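Student: Have a look at the structure that comes next, please.
The values are calculated or read from the model by the stated rules, or taken from the named source; none is laboratory data. All figures in this text were calculated on a predicted structure; none of them were measured in a lab. Methodologically, a virtual Cβ is constructed for each residue, glycine included, from the backbone with ideal geometry; neighbour enumeration extends over all protein chains shown. Keep in mind that these areas ignore ligands, DNA and RNA; they rest on the heavy atoms of the full protein, side chains included. Shrake-Rupley method; radii C 1.70, N 1.55, O 1.52, S 1.80 Å.
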Amino acid sequence: MRAAAAAKINLALVVGPLRVDGKHEVATVYQRIGIADRIELDLASSLLVEGFDADTLVHGALEALAAHAGVEPRWHVRIEKRLPIAAGIGGGSSDAATALRLANATLPEPLRDGDLRELAAPLGADVPFFLLDGPQLGTGDGRVLRPLDLPQDFWVLLLVPRGMEKPSTASVYAAFDLRNGAVGFDGRRAALLTALEQVHRPRDLALLPPNDLASSPLADELRMHGAFRADVTGAGPAVYGLFHHKHRAKAAQRALKGAGESWLTAPAWYG
């Protein structure tokens with residue numbers, strides 16, 4: 001069994017105060033994009049995950065599935081890693097969600113979709129998103145999901161800055177807390193929800209508020225080269241630009257070739 005494990009970008013990320021569970025309140029817009037790792041899964045005598053030595057999510061996800069189903073974790077998984085690592089695009093979460101879907105299908109009594117998402121929730125805030133189709137609004141700590149009807153007819157230029165070492169997600173949130181970034185969260189969340197109601201065409205995505213956690217001068221450069229929206233995704237460091245036309249996106253990719261590794265892609269509904 002094989003499947004693509006697509007990346008995501010956060011079209012908006014509004015961050016609030018710490019919750020009693022130690023996580024931050026957020027309001028975010030998840031959008032899947034058409035670049036992906038590849039996951040292959042077979043039945044086996046025991047659990048083995050190969051192809052990405054740093055994996056913990058896929059292994060943990062399949063152990064959790066087996067424990068919930070009351071079976072032994074007997075799967076062999078091969079991860080073909082094509083996505084940049086620790087870039088803010090959810091590659092590990094997508095791998096875990098995809099492996100869960102494939103393994104679940106091999107069970108004598110597969111879990112229902114809702115039960116599978118519930119099982120996935122402790123693995124990471126964005127893992128449940130990758131078990132759903134289409135863009136989603138994530139609230140709470142990011143796991144409470146609501147489908148969004150957003151335009152999908154645009155191009156995405158994703159750029160990972162060269163020579164930039166990503167700080168841990170925990171340290172990015174710690175810096176956010178240190179600068180009292182949560183102040184005004186209710187107003188920013190309300191502004192995001194209002195902006196989403198006004199999104200009918202791709203260019204309306206420019207109405208969404210900027211990422212609360214991180215910013216990048218590369219977003220300004222992407223806008224200079226024709227992006228109608230550009231921002232950091234997640235905790236970074238990856239930056240995306242949205243373009244109406246492929247030729248403009250390609251021109252921006254050429255112009256920013258020296259800034260880092262880049263991918264030209266488009267929204268993806270599932271996978």
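Student: Counting pairwise Cα distances across the stretch 116-165, what percent come out greater than 15 angstrom?
Tutor: Here the tail beyond 15 Å accounts for 58 percent of pairs.
Student: For ARG229, list long-range residues whose amide hydrogen, built 1.01 Å from N in the peptide plane, is under 5 Å from its own amide hydrogen.
Tutor: For ARG229, whose amide H was placed from the backbone, the distant partners under 5 Å are LEU242.
Student: Taking a quarter of the surface of the Cα convex hull of the stretch 155-271, what do you get in nm²?
Tutor: For the Cα atoms of the stretch 155-271, the hull's average projected area reads 8.2 nm².
Student: Once amide H atoms are placed 1.01 Å from N in the peptide plane, what residues at a sequence separation of 5 or more from LYS23, or on another chain, have their amide H within under 5 Å of its amide H?
Tutor: none
Student: How are the C-alpha pair distances of the stretch 17-75 spread across 5 Å bins, as whole percents from the shortest bin up?
Tutor: Distribution as computed: 4, 13, 16, 15, 15, 15, 14, 6, 1, 0 percent.
Student: Provide the packing ranking of 117-123, 91-97, 228-234, i.e. peptides ordered by the mean count of other C-beta atoms within 10 Å per residue, highest first.
Tutor: Per-residue mean Cβ counts within 10 Å order the peptides as 91-97, 228-234, 117-123.
Student: Express the Stokes-Einstein translational diffusion coefficient of the chain in µm² s⁻¹, to the nearest whole number, given a Kirkwood radius over alpha-carbon pairs, 25 °C and a viscosity of 0.890 mPa s.
Tutor: This corresponds to a translational diffusion coefficient of 129 µm²/s.
Student: While we're on this one: Given a 1.4 Å probe and every protein chain left where it sits, what share in percent of the accessible area of the chain is carbon and sulfur?
Tutor: Roughly 52 percent, rounded to a whole number.
Student: Let me ask another. Could you state the angle between the C-alpha long axis of helix 169-178 and the longest principal axis of the C-alpha atoms of the chain, as a value from 0 to 90 degrees rounded to the nearest 10?
Tutor: The answer is roughly 50 degrees.
Student: In a GNM of the chain with a 10 Å cut-off on Cα contacts, which of PRO237, PRO167, PRO108 has the highest mean-square fluctuation?
Tutor: PRO108
Student: Of the residues ARG38, ARG188, ARG254, which exhibits the maximal mean-square fluctuation in a Gaussian network model of the chain defined by a 10 Å Cα contact cut-off?
Tutor: Maximum among the listed residues: ARG254.
Student: Under 5 Å between amide H atoms, partner at least 5 residues away or on a different chain: which partners does LEU83 have, H built in plane at 1.01 Å?
Tutor: Residues meeting the amide H criterion: ASP37.
Student: With springs only between Cα atoms under 10 Å apart, run a GNM on the chain and tell me which of LEU157, LEU18, LEU222 wobbles the most.
Tutor: Highest fluctuation among the options: LEU18.
Student: Also, I was wondering about something else. What's the ranking of 126-139, 190-203 by average number of surrounding C-beta atoms within 10 Å, highest first?
Tutor: In descending order of packing, they fall as 126-139, 190-203.
Student: Over the stretch 211-271, average the accessible area per residue using a 1.4 Å probe and give it in Å², no decimals.
Tutor: Ligands and nucleic acids excluded, the result is 45 Å² per residue.
Student: While we're here: Rounded to the nearest 5, what % of DSSP beta bridges with both residues in the chain are antiparallel?
Tutor: 95
Student: Note the angle between two axes, namely the Cα long axis of helix 91-104 and the longest principal axis of the Cα atoms of the chain, as a number of degrees from 0 to 90, rounded to the nearest 10.
Tutor: 30
Student: Another question about this same structure. Stokes-Einstein D for the stretch 116-206 at 4 °C, 1.567 mPa s, Kirkwood Rh over Cα pairs, in µm²/s?
Tutor: Value of D from the Cα-based Kirkwood radius: 81 µm²/s.
Student: What does the net charge come to around LEU132 if you take all other residues with beta carbon closer than 12 Å to its beta carbon, with K and R at +1 and D and E at -1?
Tutor: That sum, taken over residues with Cβ under 12 Å, equals +3.
Student: Taking only protein heavy atoms into account and a 1.4 Å probe, give the accessible area per residue of the stretch 1-151 in Å².
Tutor: 42
Student: Rg and Dmax of the stretch 1-150, Cα atoms, in Å?
Tutor: 15.1, 46
Student: Here is a further query. With the cut-off at 27 Å, tell me which of the pairs LYS166/LYS246; LYS8/LYS246; LYS23/LYS257; LYS166/LYS257 have Cα atoms farther apart than that.
Tutor: Beyond 27 Å: LYS166/LYS246; LYS23/LYS257.
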